[in-house]
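See below for the structure under consideration.
The values are calculated or read from the model by the stated rules, or taken from the named source; none is laboratory data. Bear in mind that the values here come from a model prediction, so they are computed numbers and not experimental data. Please note: Cβ atoms are built from the backbone with ideal geometry, for glycine as well, and neighbour counts cover all protein chains shown. Side chains are part of the model used for accessible areas, which takes the heavy atoms of the whole protein and leaves out ligands, DNA and RNA. Shrake-Rupley method; radii C 1.70, N 1.55, O 1.52, S 1.80 Å.
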Amino acid sequence: MTVELISVGTEILLGNIVNTNASYLAEKCAGLGMSSYYQISVGDNEERLSEVLRTALSRSDVVILTGGLGPTEDDLTKEVTAKVLNRRLVEDENTKRRLEEYFNDRDKKDITENNWKQTFVIEDCLVLDNSNGTAPGIISKTEEGKSVILLPGPPGEMIPMFEGAVIPYLKGLSGNVLYSRMVKICGIGESKAETMIKDLIDSQTNPTIAPYAKNGEVHLRVTALSATEEEGKSLTAPVVAELKKRFGIHIYTTEEKTTIEEALVELLTKYKLTLSTAESCSGGLLAGRIVNVSGASAVFEEGFITYSNNAKMKYLKVSEETLNNFGAVSKETAEEMAKGAAKASGSQAALSVTGIAGPEGGTDKKPVGLVYIGCFLNGRTEVRECHFKGNRQKVREYTVINALDFLRTMILNTYKEEV
């Protein structure tokens with residue numbers, strides 16, 4: 001099946017909002033085994049929206065439109081779709097009742113007449129209730145059997161609707177089950193990862209392996225088309241086992257929703273380790289990623305942001321001699337920062353980062369992107385020298401991901417007999 005995505009909204013074309021919906025839907029549809037060859041953004045204009053919808057229906061089996069379902073005059077998606085499909089708009093009693101209940105909980109003065117526009121849907125459609133907003137979703141079929149899916153624009157409304165109603169619908173279109181496993185890798189670049197599995201990709205039929213490049217990570221989705229979920233598990237299991245064999249410790253999870261910080265917190269919890277961080281160039285991003293994990297309070301002790309040399313000396317006891325002789329961005333400073341964080345907090349593990357995120361501050365000997373990551377674990381300290389490419393934000397993001405992975409692999413190597 002082929003799927004085409006149409007993002008509706010002049011605000012997208014003007015750059016007023018970032019179109020995260022298209023990225024989310026593209027990834028989810030790929031995970032369902034659907035092929036996507038076209039994506040388009042179009043403004044709130046009847047003629048242009050009609051044109052792109054007709055074109056999409058001429059070449060794709062499923063068309064998903066996001067946005068333009070609200071109560072205002074420029075919300076045209078539902079009306080234009082009805083015209084293209086040659087269908088009427090009819091009032092949906094269930095949607096009207098839900099809207100009345102929604103407004104009963106709010107100040108009546110805030111209700112305007114145009115809100116009732118949202119109670120009208122395309123005739124003979126499947127109505128998708130919106131538990132997080134007012135505009136319902138709609139699934140309509142063309143005379144040729146193609147599916148047109150209309151979803152609200154706000155991600156907080158679109159994502160729950162897609163996951164709760166649209167994914168089951170799309171799975172039912174093929175009559176088969178698409179079962180997938182995600183293998184997430186850190187510490188190996190995309191090109192190297194692909195080279196390591198090129199023979200598997202070249203010979204694949206069912207299941208298939210699809211690589212995705214992320215910031216500092218590579219994700220491999222293994223997808224099988226099967227009659228049942230159990231059969232899908234059986235088909236993907238040997239492929240996942242082979243990937244584990246080839247990538248080993250670089251795989252941090254085979255769970256779809258698990259992040260690298262969650263994998264690290266799980267290891268810290270398993271081995272009853274506590275963690276502290278000492279950050280310079282990352283400025284708190286590392287600690288922030290860790291505390292985003294539910295349950296991190298059981299393992300995370302303290303986070304130090306020591307941007308200046310004085311702060312490094314005051315809170316982490318980095319020696320003035322080290323800073324004078326080697327500089328703030330050095331292996332020696334990173335090592336003392338990690339040791340100092342562990343000692344100050346009494347934690348068994350500590351991570352430190354110091355580097356040059358740019359765009360200024362680089363020299364021939366210490367260029368922009370140079371970062372030292374220190375890792376302390378049970379009295380032993382190691383330091384990695386990293387050279388990251390990209391702008392300031394990219395350097396900081398890569399620093400955090402690599403720091404998390406550094407401690408993760410150090411724990412695995414230390415406790416390997418128990419893993």
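Here are the numbers for this structure:
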| read-out | value |
| --- | --- |
| Count of the range 1-38 residues which are closer than 25 Å to T72 by Cβ and not β-branched (V, I, T) | 13 |
| Tally, over the range 276-293, of residues that are open to solvent by 10 Å² or more (accessible area, probe 1.4 Å) and assigned to a helix (DSSP H, G or I) | 5 |
| Test: residue in the range 235-249 that is within 30 Å of C386 (Cβ to Cβ) and touching a His at 6+ places or on another chain (Cβ under 7 Å) | no |
| Qualifying positions in the range 225-267 - assigned to a strand (DSSP E or B) and under 22 Å from I188 (Cα atoms) | I251, Y252, T253 |
| All positions within the range 161-191 that are at pLDDT 95 or above, of a type in the set (D, E, K, R) and more than 19 Å from A241 (Cα to Cα) | E163 |
| Residue in the range 388-406 that is in contact with a Cys (Cβ under 9 Å, 6 or more places away or on another chain), aromatic (F, W, Y) and open to solvent by 10 Å² or more (accessible area, probe 1.4 Å) present | yes |
| Complete set of residues in the range 309-323 that are over 18 Å from E279 (Cβ atoms) and charged (D, E, K, R) | E320, E321 |
| Residue in the range 369-405 that is farthest from Y252 (Cα to Cα), counting only those that are among the aliphatic types (A, V, I, L, M) and not in a helix (DSSP H, G or I) | L370 |
| Residue identified as touching a residue at least 60 places away in the same chain (Cβ under 8 Å) and farther than 25 Å from R392 by Cα among E256, E301 | E256 |
| Unmet criterion (only one of (1) open to solvent by 30 Å² or more (accessible area, probe 1.4 Å); (2) among the aliphatic types (A, V, I, L, M); (3) under 18 Å from S147 (Cβ atoms)) for I17 | (3) |
| Pair list, Cβ < 6 Å and 6+ apart or interchain, from the range 327-349 residues that are under 12 Å from E385 (Cβ atoms) to residues that are open to solvent by 50 Å² or more (accessible area, probe 1.4 Å) and part of a helix (DSSP H, G or I) | E332/F326 |
| Contacts under 7 angstrom Cβ, first residue in the range 263-283 being touching a residue at least 24 places away in the same chain (Cβ under 8 Å) and within 27 Å of H387 (Cα to Cα), partner open to solvent by 20 Å² or more (accessible area, probe 1.4 Å) and among the basic types (K, R), 6 or more apart | C281/R396; S282/R396 |
| So R48, is it out of contact with any strand residue (DSSP E or B) (no Cβ under 7 Å at 6 or more places or on another chain), not β-branched (V, I, T) and not in a loop (DSSP other than H, G, I, E, B) | no |
| Lone qualifier among R97, R54 - being in a helix (DSSP H, G or I) and farther than 17 Å from G137 by Cβ | R54 |
| Every residue from the range 317-339 that is open to solvent by less than 10 Å² (accessible area, probe 1.4 Å) and under 34 Å from the mean Cα position of the chain (by Cα) | S330, T333, A334, M337, A338 |
| First in the range 79-91 and farther than 16 Å from V127 by Cβ, second anywhere and assigned to a helix (DSSP H, G or I) and of a type in the set (A, V, I, L, M), Cβ under 8 Å, 6 or more apart | V80/L49; V80/L53; V84/L53; V84/L57 |
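Table: residues versus (1) at pLDDT 95 or above; (2) open to solvent by 30 Å² or more (accessible area, probe 1.4 Å); (3) outside any loop (DSSP other than H, G, I, E, B); (4) more than 26 Å from K270 (Cβ to Cβ).
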| site | (1), (2), (3), (4) |
| --- | --- |
| K343 | yes, yes, yes, no |
| S347 | yes, no, no, no |
| V353 | yes, no, yes, no |
| P367 | yes, yes, no, yes |
